[in-house]
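Novice: Below is one structure. I have some questions about it.
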Amino acid sequence: MTEHVRVAIIGGGIVGCSVLYRLAERGWTDTLLLERRELTSGSTWHAAGNVTYFGHYPGLTRLYVDSIRIYLKAERETGRSVGFHPAGSLRLATTREELDAYRRLAPMYDDLGIEYRVVDPAVMAELHPLLATAGLFGAAHTPTDGHVDASGATHALAGAARARGARIKRRCPAERLRRVAGAWEITTPEGAVRAEHLVLACSFWTRELARQLDLDLPLYALEHHEVITGSIPELRALDFEVPTVRDPYAPSNVRQEGGGFLCGVYEAHPRFWAVEGIPPDFGEDLLPPDLERLEPHLLRVIERLPAFGEAGVKAVNNGPICYAPDGCPLLGPVEGHEGLWLAAGFAVGIGTGGGSGEFLAHWMVEGEPAHDLPMVHPSRFSNGLTRERCLTLIRETYARGYALPEASGIG
Ligand SMILES: Cc1cc2nc3c(=O)[nH]c(=O)nc-3n(C[C@H](O)[C@H](O)[C@H](O)COP(=O)(O)OP(=O)(O)OC[C@H]3O[C@@H](n4cnc5c(N)ncnc54)[C@H](O)[C@@H]3O)c2cc1C
């Protein structure tokens with residue numbers, strides 16, 4: 001039996017569920033999302049959930065701002081908590097150049113209508129009493145961003161889509177893709193699906209799947225660590241949650257997690273994972289952690305947050321994270337393949353997933369994007385890159401962390 005739908009989406013992470021929801025809100029409910037295992041079972045379930053409004057590009061910042069708006073809307077519609085903590089963020093200025101660049105961004109935030117200010121070390125110490133501010137020039141403060149529960153947000157998006165009539169099939173992998181009679185045919189163990197539009201939203205699996213359509217997408221997975229500390233008495237004693245600190249010097253992001261800290265680290269010499277192919281039995285798995293590799297970065301984190309060094313490590317998660325060479329996703333139509341869309345390669349898919357679903361759904365339904373965003377257009381890599389060149393660029397983008405200019409979109 002072959003099933004016919006208007007849109008098939010492959011991948012039930014935060015991005016696929018967001019596209020499904022935003023299409024449904026526009027009345028496109030003849031849709032089916034296929035997920036090989038369970039919703040969130042790729043990178044989404046173990047993500048820290050950080051969403052920052054800081055960035056140098058208004059189009060990308062809109063994706064972050066729209067994400068929070070859409071997660072909260074899905075929460076209201078379903079009653080399912082997305083766990084938003086509006087703790088705000090501090091992007092540290094470790095040089096005079098960074099401070100000047102942060103100051104130059106103020107008019108962009110005025111235009112976007114987002115609260116933004118550059119603060120001096122005295123104000124930083126008030127906002128974050130555990131931060132050692134010596135040697136810092138100041139920080140960009142975005143008081144209304146924060147972090148969400150990535151799984152909660154995904155299930156809220158999925159629930160809100162379902163409530164409008166969209167369908168989701170779990171434990172149903174897309175095995176084969178081909179173009180048949182003016183439609184996209186997806187073969188699954190439960191039969192074939194033919195769709196007018198096909199959205200590939202399956203992160204680092206997308207490269208393998210797209211190969212069946214003779215597409216060579218520059219998407220690979222890196223190992224990415226997060227370190228969770230034990231409880232910190234000074235933090236617990238505060239009657240507010242401290243803002244997330246993003247430090248170009250480590251580079252790292254550190255937010256409050258209960259009574260302790262959760263730190264994401266961008267290694268100088270990151271390791272790729274599964275370059276030759278994703279293991280077919282890869283499930284809700286983490287990779288072996290390697291604290292030794294992180295040590296030089298963590299020592300820098302401790303310079304900024306001495307309490308981090310005293311708290312003891314409670315857990316270390318190492319998970320695969322998908323990267324394109326410039327750190328931005330592939331989001332939009334595939335030229336020369338009518339009805340084929342990409343929503344893959346998200347390094348900050350929690351920060352931008354909601355807004356990206358909105359961006360793509362608008363494009364699919366209206367035939368053009370709501371705003372110009374060439375930084376994410378899939379055709380920017382259409383000239384092809386050798387694998388070695390692609391891996392080198394990804395490595396450099398990741399290791400650059402929060403350095404200026406922030407072309408990577410890392411959040
Ligand atoms: C340790 C760590 C911390 C992170 N912290 C943050 C953070 O704080 N903020 C942030 O923005 N981002 C963070 N990220 C990145 C974030 O996790 C990803 O950007 C995001 O989860 C990507 O979502 P996705 O929907 O694109 O992909 P995924 O969540 O990986 O979903 C893809 C889905 O596709 C499914 N799939 C694959 N192949 C098929 C197939 N053939 N048929 C059907 N289904 C298929 C998979 O099972 C999977 O469920 C972090 C990542 C790591 C590793």
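Novice: If you put +1 on each Lys and Arg Cβ and -1 on each Asp and Glu Cβ, how big is the dipole of the range 2-400 around its Cα centre, in Debye rounded to 20? Don't jump to the answer; show the numbers that get you there.
Specialist: Values: 40 positive and 51 negative charges, 135 e Å.
Once rounded to the nearest 20, the dipole reads 640 debye.
Novice: Another question, then. Take every DSSP beta bridge whose two residues both sit in the chain, then give the antiparallel share in percent to the nearest 5.
Specialist: The antiparallel proportion sits near 70 percent.
Novice: In percent, what relative contact order does the range 327-400 have, based on Cα pairs under 8 Å that are 6 or more apart in sequence? Working shown, then result.
Specialist: Values: 66 pairs, mean separation 24.6, N = 74.
Relative contact order for the range 327-400 comes out at 33 percent.
Novice: OK, next. Quick one: 3J(HN,Hα) in Hz for the range 203-208, Karplus 6.51/-1.76/1.60 with θ = phi - 60°, rounded, Gly and Pro as x.
Specialist: 6, 6, 6, 4, 4, 5
Novice: Right, here's the next one. Mind checking which helices in the chain clear 15 Å along their axis (Cα) and have mean Kyte-Doolittle hydropathy of -1.0 or more, DSSP H runs only?
Specialist: Values: long enough: 14-25 (16 Å, 1.19); 58-78 (30 Å, -0.40); 150-163 (20 Å, 0.46); 291-304 (19 Å, -0.35); 349-366 (25 Å, 0.22); 387-400 (20 Å, -0.81).
Sorted by number, the helices that extend far enough and score high enough are 14-25, 58-78, 150-163, 291-304, 349-366, 387-400.
Novice: Starting from the Kirkwood radius over alpha-carbon pairs of the chain, derive D by Stokes-Einstein at 4 °C in a medium of 1.567 mPa s and give it in µm² s⁻¹.
Specialist: 60 µm²/s
Novice: Kindly provide the GluC sites (Glu not before Pro) of the range 70-165 that DSSP labels as loop, not H, G, I, E or B, and whose Cβ sees at most 14 other Cβ atoms within 10 Å.
Specialist: Sparse-neighbourhood loop GluC sites (Glu not before Pro): GLU115.
Novice: Using helices alone, I'd like the mean residue ellipticity at 222 nm for the chain: each DSSP H run of four-plus residues gives -39500 (n - 2.57), total over residue count, nearest 500.
Specialist: The helix contribution divided over the chain gives -9500 deg cm²/dmol.
Novice: Sort 82-90, 343-351, 185-193 for me by packing, meaning the mean count of neighbouring Cβ atoms within 10 Å per residue, highest on top.
Specialist: Result, highest mean Cβ count within 10 Å first: 343-351, 82-90, 185-193.
Novice: Another question, if that's okay. What residues qualify as long-range amide H neighbours of THR188, i.e. H under 5 Å apart, gap of 5 or more or another chain, H built at 1.01 Å from N?
Specialist: GLU175, VAL193
Novice: To continue, here is another question. Using alpha-carbon pairs under 8 Å, 6+ residues apart, how would you state the relative contact order of the range 55-146 in percent?
Specialist: 37 percent
Any read-out appearing in this document is the output of simple, stated calculations on the displayed coordinates, not a laboratory observation. This structure is a prediction, so every number in the text was calculated from the model and none was measured. We place every Cβ from the backbone using ideal geometry, glycine too, and count neighbours over all the protein chains shown.
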